[in-house]
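Student: Structure incoming, see below.
Nothing in this text is a laboratory measurement; each read-out follows from the coordinates by a stated rule. Not measured: the values here are computed from a predicted model. Heads up, the Cβs are rebuilt from the backbone with ideal geometry, glycines too, and the neighbour counts pull from every protein chain shown.
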Amino acid sequence: MKKEKVFDLLITYLKKGNPSLDKIKDIPMDKSLVELGYMDSFGVIDTVTFIENKWKIKIEDEELTKEKFGSINKMVNLIYHKISKK
């Protein structure tokens, strides 16, 4: 699967679950959705569950950091890295 497809699927999921993100013209790809107020801790757990089920991968607790999971681009990179190793 190409990285662009991972990106598109993740964005579609995030917009569906968060109407305020769906209304934004330019979604911030390199900023923390938690820090910007678009996602809370429950949203993070929901997103992790979606990612794990969709791509059949495991997101480890130590990967749930700002450095590895702190923006849409970082999420996409982590997903792509994991599915590329399968």
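Student: Residue by residue through the range 60-72, which ³J(HN,Hα) values in whole Hz follow from phi under the Karplus form 6.51 cos²θ - 1.76 cosθ + 1.60 (θ = phi - 60°), with glycine and proline marked x?
Tutor: 6, 4, 6, 8, 7, 10, 4, 5, 10, 9, x, 7, 4
Student: A further question follows. The range 3-85: D in µm²/s via Stokes-Einstein (Kirkwood Rh, Cα pairs, 25 °C, 0.890 mPa s)?
Tutor: Details: Rh = 12.8 Å.
Estimated via Stokes-Einstein, D reaches 192 µm²/s.
Student: Based on Cβ point charges of +1 for Lys and Arg and -1 for Asp and Glu, what charge dipole magnitude is obtained for the chain about its Cα centre, in debye rounded to the nearest 20? Intermediate results must be reported in sequence, preceding the final value.
Tutor: Values: 17 positive and 14 negative charges, 101 e Å.
It comes to approximately 480 debye.
Student: Here's a follow-up. What distance in nm separates the simple spin-label points at K2 and V44, each placed 7 Å from Cα in the Cβ direction?
Tutor: A separation of 3.2 nm, rounded to one decimal place.
Student: Right, another one. Using only Cα atoms, tell me the angle between helix 41-55 and the longest principal axis of the chain; keep it within 0 to 90° and round to the nearest 10.
Tutor: Rounded to the nearest ten degrees, it is 40.
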